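Remarks on the structure that follows.
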Amino acid sequence: MRRSLQRVCALSITLAVAACGQPTTGPAPSAEINALNPPASPAPTPEQISAALAALPAPYNTGDVDNGHAKFALCQACHTVIAGAPNMVGPNLHGVFGRQAGALESYSYSNAMKAAGWTWDAEHLDTWLTNPAKAVPGTKMTFAGLPNPKDRIDVIAYLKVASVD
């Protein structure tokens, strides 16, 4: 009896592993589940990248988008830039340019951030990325900042390009 139970368990595990990743015949995932995993936006075209960078003031319009993307890896534990993706520990940064600081309805900001009183643009992002706690005392963001000005320029350029719809 014990040996046959072991065989049944082993067969069940083998079948489960073999079926992993196979399509199911059940109903399609609900819209709520799909909202948690929105499809990745198509990569912007070279023309869209040029237009996004041209919309930034100097020196941000000279940013290295590839380096900005690499430096944004420091931010990805808390933020996403995917259109329609849910907030994480920090708010979704897609479309951050032109957004009132502390005003994304779907995110719970600190009172200090809600009272910041500015609209996100390249200059405010630069100040913020230098030292968030100094830019807005009382913020709940614990990131120490990016001390290298070139890295900040590049991250700002990346954020602008990543917000292209």
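Data overview
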quantity	calculated
Matching residues, segment 61-78, being part of a loop (DSSP other than H, G, I, E, B), open to solvent by 60 Å² or more (accessible area, probe 1.4 Å) and in contact (Cβ under 8 Å) with a residue 40 or more places away in the chain	ASP64, LEU74
Residues of segment 141-165 satisfying the condition of being open to solvent by 40 Å² or more (accessible area, probe 1.4 Å), modelled with pLDDT of 95 or more and of a type in the set (D, E, K, R)	LYS150, LYS160
Residue ID - most open to solvent (accessible area, probe 1.4 Å), chosen from residues in segment 129-139 that are touching a helix residue (DSSP H, G or I) at 6+ places or on another chain (Cβ under 7 Å) and in a helix (DSSP H, G or I)	THR130
Pick from segment 92-133, criterion closer than 21 Å to ARG152 by Cβ and of a type in the set (D, E, K, R), ranking: farthest from the chain's Cα centre (by Cα)	GLU123
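Yes/no matrix, rows are residues, columns are (1) of a type in the set (A, V, I, L, M, F, W, C); (2) under 25 Å from LEU53 (Cα atoms); (3) open to solvent by 40 Å² or more (accessible area, probe 1.4 Å):
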residue: VAL81; (1), (2), (3): yes, yes, no
residue: HIS94; (1), (2), (3): no, yes, no
residue: PHE97; (1), (2), (3): yes, yes, yes
residue: SER108; (1), (2), (3): no, no, yes
residue: ALA116; (1), (2), (3): yes, no, no
residue: HIS124; (1), (2), (3): no, yes, yes
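Conditions tested, residue by residue: (1) part of a helix (DSSP H, G or I); (2) out of contact with any helix residue (DSSP H, G or I) (no Cβ under 8 Å at 6 or more places or on another chain).
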site: ILE82; (1), (2): no, yes
site: HIS94; (1), (2): no, no
site: TYR107; (1), (2): no, yes
site: THR127; (1), (2): yes, no
site: MET141; (1), (2): no, no
site: ARG152; (1), (2): yes, no
site: VAL161; (1), (2): yes, no
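The values are calculated or read from the model by the stated rules, or taken from the named source; none is laboratory data. Because the structure is predicted, anything quoted here is derived from the model rather than measured. Cβ sites come from the backbone with ideal geometry, for glycine too, and all protein chains shown count toward neighbours. Please note that ligands, DNA and RNA were not included when accessible areas were found on the heavy atoms of the full protein model with its side chains. Shrake-Rupley method; radii C 1.70, N 1.55, O 1.52, S 1.80 Å.
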